[in-house]
Amino acid sequence: MTLPDLDKYRKMAEGFDLSDEQKDELIMTVWNIMGQFVDQAFGVHPVQLCQKNRESKHLTQ
């Protein structure tokens, strides 16, 4: 997974009373949440992969 350009997105968090470190943490949190949505949309979210693995084991038994 690529990392966000923190300088670019830090500007979007200027309205919050946060230090640059806190803004970076907020950006990374939102970035990770959005990454989970993308993974889920493409069927590669860890929960989906576990379910597929479990279903395939049941089919072979």
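Taken together, the values in this text are just the output of simple stated rules run on the coordinates, not laboratory data. This one's a predicted model, so the numbers in the text were calculated from it and none came from an experiment. Glycine gets a Cβ as well: all are built from the backbone with ideal geometry, and neighbour counts include every protein chain shown.
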Filter region 4-38 down to the residues that are more than 8 Å from the chain's Cα centre (by Cα) and of a type in the set (S, T, N, Q) and list them by number. Ser19, Gln22
Output the residues belonging to region 10-48 that are surrounded by 12 or more Cβ atoms within 10 Å (Cβ to Cβ) and either part of a loop (DSSP other than H, G, I, E, B) or touching an Asp or Glu at 6+ places or on another chain (Cβ under 6 Å) (or both). Leu18, His45
